[in-house]
Amino acid sequence: MTTQFPVSNGDAKSENGPAVVDPNTPLLEISDLQISFTTGVGEVHAVRGANLTVYPGQNVAIVGESGSGKSTTAAAIIDLLPGTGKVTGGSIRFAGRELVGASRAEKEALRGRAIGMVPQDPMSNLNPVWRIGTQVTEALKANGFKGSKAELRTRVADVLAEAGLPDAERRARQYPHEFSGGMRQRALIGIGLASRPQLLIADEPTSALDVTVQRQILDHLGEMTRDLGTALLFITHDLGLAAERAEHLVVMFKGQIVESGPAQQILADPQHPYTKRLVASAPSLASRRIQTAHVQGRESEELHAHHLGQKPPASNEAVKVTDLTKVFQIRGARPGSSTDFTAVDDVSFTLGRGRTLALVGESGSGKSTAANMVLGLLEPTSGTVEFDGTDVSTLNPKQAFEFRRRIQPVFQNPYGSLDPMFSIFRSIEEPLKLHGVGSKKGREKRVRELLDMVSLPQSAMRRFPNELSGGQRQRIAIARALALKPEVVVLDEAVSALDVLVQAQILDLLDDLQSDLGLSYLFITHDLAVVRQIADDVVVMQNGKVVEQATTDEVFDNPRKQYTRDLLDAIPGAHLVGNVAGG
Amino acid sequence: MLWYLGRRLLQVIPVFLGATLLLYAMVFLRPGDPVAALGGERGLPEAVQEQIRAEYNLDQPFIIQYLLFLRGVATLDFGVDFRGREITEVIANAFPVTIQLALMALVIEAVFGIGFGLVAGMRKGGIFDATALVVSLVFIAVPTFVVGFVLQIVVGVQLGWLPVTAGRDPDFISLLMPAMVLAAVSFAYVLRLTRTSVAENLSADYVRTARARGLRRTQVTGRHVLRNSLIPVVTFLGADIGALMSGAIITEGIFNINGVGGTLYDAIIRGESITVVSLTTVLVLVYIGANLLVDLLYAALDPRIRYA
Amino acid sequence: MPENRYEEPLGAPAVPAPRPGQEHFTAPSDEGGLGAVDAVKTDETPTSLWRDAWNQMRRRPLFWIAGTVIVVVVLVAAFPGMFTSINPRVCDLSKALEGAQPGHPFGFDRQGCDIYSRTIYGARASVVVGVLATSMVVILGTTIGAIAGYYGKWFDTILSRVTDIFFAIPLVLGAIVIMSVSSNRTSLLVAGVLAIFGWTQIARITRGTVLSVKNNEFVTAAISLGMGRGQILLRHVLPNSAAPIIVYATVALGQFIVAEATLSFLGIGLPPDVVSWGGDINAAQGAIRTDPEILLYPAGGLAVTVLGFMMMGDVVRDALDPKARKR
């Protein structure tokens, strides 16, 4: 049988699945692809000279940071480049047919039926005003489904059931907002595969989801594509994830492919300096060695004379949280009806001086609520927060104001954590001014000092947040948090929004600052992989409760609770590392 | 759903009471005596003035006056005006033609506003878009009465296509020009709203995903772009029903239509405060009703809004 | 940190030889500009958001057109004597409805007043009422909206209800009712009446913006510093809520000018002794079939002025659009 290339009035029923094709003829061949965007300042070359080959049934991953051109390359295949994007050169051949310059009708016929897509953000990729079933129906009809209404209904339910949605018939009648993120992503996967395409493009299909859900969905996606013989082009920022899921890797950086080849070869023996750095920084690949390195660093630190005094035994507690509980009242639709929601339920933990305590959990675990109570931003319903042996709730206003100096936060979103109207200087100076520290001259000196500390040039202080990158803003946020020389810094997902390499830099910076200044960190994160790189102790939270609490080594080597094990399993690349260590 | 409706209705009551009290107070709680101003230069004899005051409860304390007025509203009995006509009857006579006018204007602004807005939004930054933007600004900037006069002169007098004024018992044709004038400003807003909304939705993720599913461009435009863009537009149109009816005062004046506007204008000139307040109260009621309708429309159009 | 943690070969079974097109490829390492991953720009001058907006605005022709109109109108309103030496109130009935002649480019109206002079002097009433009403609305609306949005709880409940009450009365309708029963109609009164019924929109906008700004992490950071609530509102929240208020105020200025003209046109705005475009349009109304051009001059002045502010509102909106300035 030859390649079944869809034509506009194809009568092949979609249930037949992709036709059998020669596994040794490339399904997708991209060569010397050039893509540019027209902007106010002229042409921007988003992708330059990209080459890429995908064979039928194969899993290929494109790995890169934001702005690397990975999504742009994928979008170009089905001609869905955003805005002013245009393919300016090169060729994209699918099943032997040239797509660059193909007519609109040809491309429309190709989409859905021959090439499916699973988009990145499940929240924004389903039309909120149509039922899920309607949106599946649309996809089926557009791709030549010919059958009675009843057949169509059955097929819609099948599509959703295949994607792992239980009770599919009822689900089909619901609207997207009635679905959780994971369920929406399943629906999108179902739609992407509904018409049995030969190639499925999955653009960061799970990066918006909780880690455990992420794992389930990726497993399911893998199974489905394997069963159907669909080739998978997988776009991700996570090298570990890519290596785990694909046999062939393509690494992109600033619009160019810097390295490509068999996944395991690239992981084991990266050649390009960029790939080397990526492999070294990827948190999900962080083996025991980085932990060892961390501990070694710590030991050598302790040799420093001035740190010996500050690092007495564990009895020295910076923050002690006891039986902390927070109940929110959620107003119901009916007047007077309200339900209690316990966001944090009887949580206790202790942050030792000079140590890093990671509070780990998925969304809704209560970790951020707990952090806000530690920061004094939220009043606990019951329980106490002790800072340096003093119950924070007993402080009078003046003492409370002084207390603020000793504990400072750094938040997740580098775009929201700096006032866009304030220059960098004003942002860092603000805490000093507010607490009446130093003269005008002295404050300026301190701002310069702080910029040095976070490795930013002093000239940055005249700039505004919108001129800085995410990583730079996060450095500024750290500098501002350190301005008052606090003892405790609460890092609320402080590196989660950053690209891998920048994330590694910030983690290094935090580590350096901790040993230089004797800081204690309360590190809030959903990402266990990062925990291993930075934390001494771990508290795992789920649904407001503490599930497990131990040192980092114990949690990683010998998790006691199933939930912790699930979280650990969900770290992309964890199995790879396990294989390496075991074999 | 019922709970939501009930709660919204409950919220409307204090708003209605507050708004009418505000208007009532501003008309009746001011220096000067409305009755003394009646009867022209010489004024009415003192005895007649007293009689009028008693008739309209103007000799009562303000708050009693207001409560009596509210009772009138509740029983649909606003009393009689200074010329002895039943105000309820005056209102009943005035509304049908204004409602017809407002609905015609609504259709005009919806059809043309959405049509042009869709084209402009689909080709944002193009010639059509730029022209539509400037033209819509002109519609907003030129006051209704100027548009009215210009149309009267050009279409009515010089070209003779449509009747210059509507007069008593106007038919569809003679209301066409007033409806166009009344619709002019809102048309410009509908156009701009549709344009912005369409342009925004065009770059929405779910539109891209719909294309990736293999939908043809017309399908994507109709089912996804237009359907979603219409949510804010339809709610604007709903709220505009109230605005059009109260805005008709200018248009009706120019085209000599005996609707709510004309009657209100007449009452203002004659200093018939009771009639003015009664008519205004009904208009406020329509306005509040239209806004309530919008809330319900919104909930019906956007499944995400679920009466919480 | 070790460069590579995978010195030992992976424990997977023998990897099949790569297929054509999938051989191991490495780009020359000098390509791709690997240098500093995250360097701070040092070449350009620092740009705040306001400077950014300004840079964007001044590239647009519409900005210069609207700006010129506004400057000219304001100049005319402030110094009408600079543009005409004829007194608009001195009229000669014998010249009524005469056409253009030297020194009188627009001719004379029904009372024999010079139309050009009246059009020039009419600007002041519109600009004064517009600016006064807009200032009042901005002060009132921003204060109420900011308090409701920022302090929330019962502040919000009460203020939002009050806003709803005023919102339930359409601007022109409310103004007509109040003006019709007012004697002593000054510019201040007209502006005040327009402001009373016109502040709700800006209060709603401010409330919405403040609600979203106050959830920003920089506000939380300020709270963590121990900054007082009022101080945070003034230093962080309000400046960041300014953009939509400015945009709305520019457009509202135009709308108030139209509303004032409407009232004057109905004869319940400014008194006849004040020269105003609305009043002149009203006066011209009687001769509309015979001498429509009398009406066109004040109407034209009005339309150009309002158009100027509306266009400016458009340009400012584009420049301050939070969606456009994300990057």
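What to note about this one:
- Total residues in the stretch A:62-95, condition under 21 Å from B:VAL220 (Cβ atoms), part of a loop (DSSP other than H, G, I, E, B) and either away from chain B (no Cβ under 12 Å) or in contact (Cβ under 8 Å) with a residue 40 or more places away in the chain (or both): 5
- Residue-level analysis places B:THR194 among those that are out of contact with any Pro (no Cβ under 8 Å at 6 or more places or on another chain) and surrounded by 24 or more Cβ atoms within 10 Å (Cβ to Cβ).
- Filtered residue count, the stretch B:141-168, keeping only those that are in contact (Cβ under 8 Å) with a residue 12 or more places away in the chain, within 8 Å of chain C (Cβ to nearest Cβ) and more than 21 Å from the chain's Cα centre (by Cα): 1
- Any hit, the stretch A:151-159, residues being surrounded by 20 or more Cβ atoms within 10 Å (Cβ to Cβ), at the interface with chain B (Cβ under 9 Å from one of its Cβ atoms) and either without any contact (Cβ under 8 Å) to a residue 12 or more places away in the chain or touching a Gly at 6+ places or on another chain (Cβ under 9 Å) (or both): no
- Yes/no for B:THR218 being more than 11 Å from every other protein chain (Cβ to nearest Cβ) and part of a helix (DSSP H, G or I): no
- All told, B:THR209 meets the bar of being within 14 Å of chain A (Cβ to nearest Cβ), in contact with a helix residue (DSSP H, G or I) (Cβ under 8 Å, 6 or more places away or on another chain) and of a type in the set (Ser, Thr, Tyr).
- Residue within the stretch B:114-130 that is touching a Phe, Trp or Tyr at 6+ places or on another chain (Cβ under 8 Å) and more than 22 Å from B:VAL233 (Cβ to Cβ) present: no
- Meets criteria (within 10 Å of another protein chain (Cβ to nearest Cβ), over 14 Å from the mean Cα position of the chain (by Cα), of a type in the set (A, V, I, L, M) and part of a helix (DSSP H, G or I)) for B:VAL276: yes
Per-residue answers, yes or no, for (1) part of a strand (DSSP E or B); (2) at pLDDT 50 or above; (3) surrounded by fewer than 22 Cβ atoms within 10 Å (Cβ to Cβ):
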residue: A:MET1; (1), (2), (3): no, no, yes
residue: A:GLU15; (1), (2), (3): no, no, yes
residue: A:PRO26; (1), (2), (3): no, yes, no
residue: A:GLN34; (1), (2), (3): yes, yes, yes
residue: A:ARG48; (1), (2), (3): yes, yes, yes
residue: A:VAL60; (1), (2), (3): yes, yes, no
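- A:PHE403 under 14 Å from A:LEU484 (Cβ atoms), facing chain C (nearest Cβ under 10 Å), surrounded by 16 or more Cβ atoms within 10 Å (Cβ to Cβ) and out of contact with any His (no Cβ under 6 Å at 6 or more places or on another chain): yes
- Boolean, A:PRO414 is part of a strand (DSSP E or B), surrounded by 22 or more Cβ atoms within 10 Å (Cβ to Cβ) and assigned by the TED database to the domain that holds A:PHE523: no
- Residue within the stretch B:79-98 that is modelled with pLDDT of 75 or more and within 14 Å of another protein chain (Cβ to nearest Cβ) present: yes
Residues checked against (1) of a type in the set (Gly, Ala, Ser); (2) more than 30 Å from B:ASP171 (Cβ to Cβ); (3) surrounded by fewer than 16 Cβ atoms within 10 Å (Cβ to Cβ); (4) in the same structural domain as B:MET180 (by the TED database):
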{"residue": "B:LEU58", "(1), (2), (3), (4)": "no, yes, no, no"}
{"residue": "B:GLN65", "(1), (2), (3), (4)": "no, yes, no, no"}
{"residue": "B:LEU70", "(1), (2), (3), (4)": "no, yes, no, no"}
{"residue": "B:ASP81", "(1), (2), (3), (4)": "no, no, no, no"}
{"residue": "B:GLY84", "(1), (2), (3), (4)": "yes, yes, yes, no"}
{"residue": "B:THR98", "(1), (2), (3), (4)": "no, no, no, yes"}
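For every residue, the table says whether it meets (1) closer than 17 Å to C:ILE202 by Cβ; (2) surrounded by fewer than 22 Cβ atoms within 10 Å (Cβ to Cβ); (3) within 12 Å of chain A (Cβ to nearest Cβ).
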position: C:ARG229; (1), (2), (3): no, yes, no
position: C:VAL237; (1), (2), (3): yes, no, yes
position: C:ILE246; (1), (2), (3): yes, yes, no
position: C:LEU263; (1), (2), (3): no, no, no
position: C:GLY269; (1), (2), (3): no, no, no
position: C:ILE294; (1), (2), (3): no, no, no
position: C:TYR297; (1), (2), (3): no, no, no
position: C:GLY300; (1), (2), (3): no, yes, no
position: C:LEU307; (1), (2), (3): no, yes, no
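- For the stretch C:149-164, the condition of being crowded, with 19+ Cβ neighbours inside 10 Å, under 24 Å from the mean Cα position of the chain (by Cα), more than 14 Å from chain B (Cβ to nearest Cβ) and of a type outside the set (Lys, Arg) holds for at least one residue.
- Helices (runs of 4 or more DSSP H) wholly inside the stretch C:105-222 containing at least 3 residues that are closer than 29 Å to C:ASN87 by Cβ: C:115-151, C:187-198
- From the list A:THR292, A:THR275, the one residue that fits, being modelled with pLDDT under 85, in a helix (DSSP H, G or I) and within 12 Å of another protein chain (Cβ to nearest Cβ), is A:THR292.
Matching residues to (1) among the β-branched types (Val, Ile, Thr); (2) facing another protein chain (nearest Cβ under 9 Å):
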site	(1), (2)
A:ARG463	no, yes
A:LEU468	no, yes
A:ARG480	no, yes
A:PRO486	no, no
A:ASP492	no, yes
A:VAL500	yes, no
A:ASP511	no, no
A:SER520	no, no
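- Matching entry among A:SER455, A:SER439 (being over 21 Å from A:LEU509 (Cα atoms), hydroxyl-bearing (Ser, Thr, Tyr) and more than 8 Å from chain C (Cβ to nearest Cβ)): A:SER439
The values are calculated or read from the model by the stated rules, or taken from the named source; none is laboratory data. Since we're looking at a predicted model, the values are computed, not measured. Positions of Cβ are generated from backbone atoms using ideal geometry, with glycine treated the same way; all protein chains shown enter the neighbour counts.
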